[in-house]
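So the structure is just underneath, and the comments pick up after that.
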Amino acid sequence: MSKVLVTGGLGFIGSHTAVELMARGHEVVLVDNLTNTRAEVLDGIEAISGTRPVWENVDLASQPACAALMAKHSNIDGIIHFAAHKAVGESVAKPLDYYQNNLGSLMNLLEFVRTEPKCAFIFSSSCTVYGQADDLPIREEAPIKPAESPYGNTKQIGEEILQDCAKAYGFKVIALRYFNPVGGHPSAKIGELPNGVPQNLVPFITQSAAGQRGALKVFGNDYDTRDGTCVRDYIHVVDVAKAHILAMERLVAGKVEEPVEVYNLGTGTGSTVVEVLTAFTKATGIDIKWEYAARRPGDVVAAYADTKKALEGLGWRAELSLEQSMADAWRWQETLGQSV
Ligand code: WQD
């Protein structure tokens, strides 16, 4: 059993990862300052796992607060670092907030890891680092393209910081590049909790289905794809969570040779926006009102993962279908009722 610090542990992927860690017998300490989630998520984690994990309400971008936190939990075996601002559009409007928060919190945590090189470290990265890849499916060796947003840039710079620090201070890191995590826990006790009007496709779909939003705007139907709409690799959040457990166990077992190992987390299948809408209706019986609209600046045409390396290195592959993701996303939305 390991003791794992999960930053952003009350967030979407963080909470699902905490549940999977606890199911595998690991002890978790959740760190979250609620900038993009709600304290009630802890109740959901407890309802699923039967244990209420320790929750530290700490702003990791504050160096003294982070140092105090790490002094209190210095006996941890690993850190899974999810905590970051993650709204692409918002990052364009508020770049300094994103650089200070996302990179500041990472560096404050690394001040601890450099003194405890045996502490396993997993970094929440994103397929955004690839930009519009030249070849599909996207392999981990694909060139990193100039970031389309400050958000994507914080992920690219974060990986560079980790490369330099892991080499200099002798610790090991696994960086996981998520494609599009969607869905919710099958218990419907935790799920995605976007603040305000959802920027991402699936929470907008579920809120539209719940009558909380108007018609969905499909951003562009003149792309060079099967039906003219963008292609993404939508992966169930529980599959994403399970990959983190395997990555943590790989690090703690000392199996990582390179300073930083990088893995794509995707299903390997691309779906167009219209295909996601069709899958939602098939899974729930609910027709979504939608209309074509102008392209969204910054969108890449298509992105889906090459999954070979994650299977070989982590022994992991996605198991849940797009329809299962839609069904679980909807059941979670139904528990939210009118609260948005
Ligand atoms: C998916 C597709 C839109 C909303 C971003 C980040 C990524 C990760 C997930 C944090 C696109 C279309 C969307 C809508 C639409 N973020 N769409 N109408 O942009 O692929 O990924 O969020 O971890 O790092 O880059 O996800 O869900 O916003 O968009 O047509 O109302 O749905 O154009 O083609 P994206 P998304």
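The values are calculated or read from the model by the stated rules, or taken from the named source; none is laboratory data. None of the values given here were measured: they were computed from a predicted structure. No Cβ is skipped: glycine too gets one built from the backbone with ideal geometry, and neighbour counts run over all protein chains shown. Note: accessible area is taken over every heavy atom of the protein model, side chains too, but ligands, DNA and RNA are not part of it. Shrake-Rupley method; radii C 1.70, N 1.55, O 1.52, S 1.80 Å.
The requirement of being open to solvent by less than 30 Å² (accessible area, probe 1.4 Å) and either hydrophobic (A, V, I, L, M, F, W, C) or within 16 Å of the ligand (Cβ to nearest atom) (or both) is satisfied by VAL182. Do we have LEU176 as surrounded by 21 or more Cβ atoms within 10 Å (Cβ to Cβ) and assigned to a helix (DSSP H, G or I) here? Against the criterion (surrounded by 21 or more Cβ atoms within 10 Å (Cβ to Cβ) and assigned to a helix (DSSP H, G or I)), LEU176 does not qualify. Failed condition for MET70, given (1) open to solvent by less than 40 Å² (accessible area, probe 1.4 Å); (2) free of Cβ contacts under 8 Å to residues at least 12 places away in the same chain, with all others met? Every condition holds for MET70 apart from (2). Residues that are in contact (Cβ under 8 Å) with a residue 40 or more places away in the chain and in a loop (DSSP other than H, G, I, E, B) within the stretch 210-227 comprise ALA210, GLN212, GLY214, ALA215, GLY220, ASN221, ASP222, TYR223, ASP224, THR225, ARG226, ASP227, listed in sequence order. Do we have THR267 as open to solvent by 30 Å² or more (accessible area, probe 1.4 Å), within 24 Å of GLN156 (Cα to Cα) and touching a His at 6+ places or on another chain (Cβ under 9 Å) here? For THR267, the condition - open to solvent by 30 Å² or more (accessible area, probe 1.4 Å), within 24 Å of GLN156 (Cα to Cα) and touching a His at 6+ places or on another chain (Cβ under 9 Å) - is met. For the stretch 260-296, filtering for residues that are within 10 Å of the ligand (Cβ to nearest atom) and part of a loop (DSSP other than H, G, I, E, B) leaves 2. Can you confirm whether GLY266 is at pLDDT 95 or above and farther than 21 Å from THR17 by Cβ? No: the conditions fail for GLY266. Of all the numbered requirements in (1) within 15 Å of the ligand (Cβ to nearest atom); (2) touching a helix residue (DSSP H, G or I) at 6+ places or on another chain (Cβ under 6 Å); (3) not in a strand (DSSP E or B), PHE112 misses one, and that requirement is (1).
Within the stretch 185-209, how many residues are in contact (Cβ under 8 Å) with a residue 60 or more places away in the chain and open to solvent by less than 30 Å² (accessible area, probe 1.4 Å)? Number of matching residues: 13. Only helices (runs of 4 or more DSSP H) whose full extent lies in the stretch 1-109 are considered here, and the ones with at least 2 residues that are within 16 Å of the ligand (Cβ to nearest atom) are 12-23, 88-93, 95-98.
Applying the criterion of being buried (at least 18 other Cβ atoms within 10 Å of the Cβ) and among the hydrophobic types (A, V, I, L, M, F, W, C) to the residues of the stretch 289-311, the residue that is farthest from ARG232 (Cα to Cα) is ALA310. Among the residues of the stretch 216-225, those that are more than 9 Å from the ligand (Cβ to nearest atom) and more than 17 Å from ASP135 (Cα to Cα) comprise ASN221, ASP222. Here are some conditions: (1) within 15 Å of the ligand (Cβ to nearest atom); (2) closer than 20 Å to SER125 by Cβ; (3) assigned to a helix (DSSP H, G or I). LEU246 meets all but one. Which one does it not meet? Status for LEU246: all satisfied but (1). For the stretch 145-167, a residue qualifies if it is within 13 Å of the ligand (Cβ to nearest atom) and of a type in the set (Gly, Ala, Ser), and the qualifying residues are ALA147, SER149, GLY152, GLY158. Mind checking whether some residue in the stretch 277-284 is open to solvent by less than 80 Å² (accessible area, probe 1.4 Å) and under 26 Å from GLY152 (Cβ atoms)? Checking the stretch 277-284: at least one residue is open to solvent by less than 80 Å² (accessible area, probe 1.4 Å) and under 26 Å from GLY152 (Cβ atoms). Answer yes or no as to whether VAL54 is in contact with a Leu (Cβ under 8 Å, 6 or more places away or on another chain) and hydrophobic (A, V, I, L, M, F, W, C). For VAL54, the condition - in contact with a Leu (Cβ under 8 Å, 6 or more places away or on another chain) and hydrophobic (A, V, I, L, M, F, W, C) - is met. In the set (1) within 16 Å of the ligand (Cβ to nearest atom); (2) open to solvent by less than 20 Å² (accessible area, probe 1.4 Å); (3) of a type in the set (A, V, I, L, M, F, W, C), LEU314 fails one condition alone, (1).
Of the listed requirements (1) in a loop (DSSP other than H, G, I, E, B); (2) farther than 30 Å from GLN333 by Cβ, CYS165 misses just one: (1). Selection over the stretch 85-114 of residues that are modelled with pLDDT of 95 or more and either of a type in the set (Ser, Thr, Tyr) or open to solvent by less than 70 Å² (accessible area, probe 1.4 Å) (or both) gives a count of 15.
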